[in-house]
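Engineer: I'd like to ask some things about the structure below.
The values are calculated or read from the model by the stated rules, or taken from the named source; none is laboratory data. Since the model is a prediction, treat every value here as computed from it, not as a measurement. Neighbour counts run over all protein chains shown; Cβ positions are idealised from the backbone, glycine included.
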Amino acid sequence: MNNQPDGLREYPSTGIRGALDRSSPGVMGVYAIVASFTTYFCMYAFRKPFAAATYEELKFMGTALDVKSTYVIAQIVGYTISKFVGMKFCSETGVRGRARLLVGLIVAAWAALLLFAVLPGNLKVLAIFANGLPLGMVWGTVVLYLEGRRTSEFMLAGMSCSYIMASGMVKDVGRYLMSSWGVTEYWMPFATGALFFLPFLLGVYLLTQLPLPTAADKEERSPRTKMDSHGRWAFLREFSLGMLLLSGMYFFLTAYRDYRDNYGVEILGELGLGERAGIFTQTEVPIAFGVMICLSLLSLVRSNRLGLILALSIMITGQVMMGAVTWMFEREMLDSITWMTLIGLGAYLTYVPFGSVLFDRLLAYTRFAGTAVFAIYLTDAVGYTGSVGLQLYKDLFATDVSRLEFFQQLTYFMSIGGGLSLLFALVYFMRRGPDPT
């Protein structure tokens, strides 16, 4: 039977693909997690290592902006442009060429890191901008392999653990290269990427062996098709208010998550933990497993309506948790590591569903013909625009506030505003779906 979403002939069921075709959904899910986790984890070795360095006491071209802030902003701008491009490019991509696209994106990002190492001072910002340009399309390309399946939540939750864990671990690798091997802070990102390039290729190969969604997958989760411009506009007209609520909330959530991620070294330094070896791994690994367990359980929910309700409820819980544990930390009821872990858990319980299970369930519940990748990239494009704005605001208008204090204030804002936005979105989408009977 031809399950190909874009009319291409289905691959023959031989080798790994044939074994997976004959396997149970659980085996298929575990395999998909290993393949997607490996691919996206390794991608972070080309995106985040530069954040492990502090570039202390350096200003950009005599301005008030820290050099590190400039690098962070430049990469996010490139990454944001990539998300806008990905709204069209990824939502229209068929089966053929995905693997070549993934490899090409990473090679381009790695070449930019080489330029970051060799270009003179003020031109390095152009290299880090170029590094962000291809990387924003990697997530959507990998999601195309996983969405629209009965076990998509399980697969996507496992894949999402990759960037929760990778962001901290690749920074630990970068710090190790600088402290133990004497790699300079400008060569360190390129060297870190070199360590992960071959594992990345392995992950891409494993992804290409995944069989296409079955007839049962399509029946339960609705068929996933490419979305042209008419399909994208139809989606926006159908869910305009709900997408406005989600995009507005994600605008601030992405900024918050990026701030914690990019300035984790500085925040931990103010907490007295800056020199502690492996600190990022210690805080991020429990977060990854906590998020994976919560979201994987959604695969057990067959009702798409209930699945959407539970996904948004988990997200609201994450926002409430962030404010509650910060209040406890300020009253010395929690130690620093526990606080950083729990606010990270709360933030990722809200952040991860945006890139995985939320829109997969939304399309399945509403039976809208298309791909979840479009909605993912729409909110991502809006979200990373907010991240740029927050970086500029902190360095230009909140210079007297420490990184830690600014982060605590931002946590309360997100906890209240984000929780309310998600609650309103939940009510809205429950009224937009089919008759629950």
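Engineer: Are any residues in segment 363-398 touching a residue at least 60 places away in the same chain (Cβ under 8 Å) and not in a helix (DSSP H, G or I), and if so, which ones?
Structural biologist: ARG367, PHE368, ALA369, GLY370, THR371
Engineer: Moving to a separate point now. Report the residue count in segment 386-417 for those that are of a type outside the set (A, V, I, L, M, F, W, C), within 13 Å of GLY248 (Cα to Cα) and at pLDDT 85 or above.
Structural biologist: Total meeting the criteria: 2.
Engineer: In segment 356-405, how many residues are in contact with an Asp or Glu (Cβ under 9 Å, 6 or more places away or on another chain) and among the charged types (D, E, K, R)?
Structural biologist: Final tally of qualifying residues: 5.
Engineer: Cβ contacts < 6 Å: first residue free of Cβ contacts under 8 Å to residues at least 12 places away in the same chain, restricted to segment 170-184; second residue buried (at least 16 other Cβ atoms within 10 Å of the Cβ), any location; separation 6+ or different chain. Result?
Structural biologist: What qualifies is VAL183/LEU177; VAL183/ALA191.
Engineer: What about TYR250, is it modelled with pLDDT of 85 or more and within 19 Å of ILE164 (Cα to Cα)?
Structural biologist: Yes; evaluated as a whole, the condition is true for this residue.
Engineer: Taking VAL401 as the residue in question, decide whether it is loosely packed, with under 15 Cβ neighbours inside 10 Å, over 18 Å from the mean Cα position of the chain (by Cα) and not in a helix (DSSP H, G or I).
Structural biologist: Yes.
Engineer: Does segment 202-213 contain at least one residue that is part of a helix (DSSP H, G or I), over 22 Å from the mean Cα position of the chain (by Cα) and over 23 Å from ILE76 (Cβ atoms)?
Structural biologist: no
Engineer: How many residues are at pLDDT 85 or above, surrounded by 23 or more Cβ atoms within 10 Å (Cβ to Cβ) and within 17 Å of PHE289 (Cα to Cα) when one looks only at segment 164-183?
Structural biologist: Going through segment 164-183 one residue at a time, the tally reaches 1.
Engineer: While we're here: Quick one: would you say LEU135 is farther than 24 Å from ASP172 by Cβ and modelled with pLDDT of 80 or more?
Structural biologist: no
Engineer: Oh, and also: Only one residue in LEU310, LEU271 is without any contact (Cβ under 8 Å) to a residue 40 or more places away in the chain and hydrophobic (A, V, I, L, M, F, W, C). Which one?
Structural biologist: LEU310
Engineer: Which one of these does THR151 not meet: (1) modelled with pLDDT of 95 or more; (2) out of contact with any Phe, Trp or Tyr (no Cβ under 9 Å at 6 or more places or on another chain); (3) under 22 Å from VAL30 (Cβ atoms)?
Structural biologist: Single failed check for THR151: (1).
Engineer: Taking the condition of being under 30 Å from GLU270 (Cα atoms), of a type outside the set (A, V, I, L, M) and assigned to a helix (DSSP H, G or I), how many residues in segment 318-362 meet it?
Structural biologist: 16
Engineer: If you check every pair at least six apart or on different chains, which have Cβ atoms under 6 Å apart with a residue in segment 24-39 that is in a helix (DSSP H, G or I) first and a residue that is among the aromatic types (Phe, Trp, Tyr) and crowded, with 22+ Cβ neighbours inside 10 Å second?
Structural biologist: Close Cβ pairs satisfying both conditions: GLY29/PHE154.
Engineer: Which members of segment 90-122 meet the condition of being touching a residue at least 40 places away in the same chain (Cβ under 8 Å) and more than 19 Å from MET43 (Cα to Cα)?
Structural biologist: SER91, GLU92, THR93, GLY94, VAL95, ARG96, ASN122
Engineer: Considering segment 126-150 alone, what residues qualify as being in a helix (DSSP H, G or I) and more than 19 Å from MET87 (Cβ to Cβ)?
Structural biologist: Result: LEU126, ALA127, ILE128, PHE129, ALA130, ASN131.
Engineer: Let me ask something additional. Mind checking which residues of segment 221-230 are surrounded by 15 or more Cβ atoms within 10 Å (Cβ to Cβ) and either in a helix (DSSP H, G or I) or on the phi > 0 side of the Ramachandran plot (or both)?
Structural biologist: Matches in segment 221-230: ARG221, SER222.
Each row is one residue, and each column tells you yes or no for (1) farther than 20 Å from ALA288 by Cβ; (2) hydrophobic (A, V, I, L, M, F, W, C); (3) surrounded by 19 or more Cβ atoms within 10 Å (Cβ to Cβ).
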{"site": "THR338", "(1), (2), (3)": "no, no, no"}
{"site": "VAL357", "(1), (2), (3)": "no, yes, yes"}
{"site": "GLY386", "(1), (2), (3)": "yes, no, yes"}
{"site": "GLY418", "(1), (2), (3)": "yes, no, yes"}
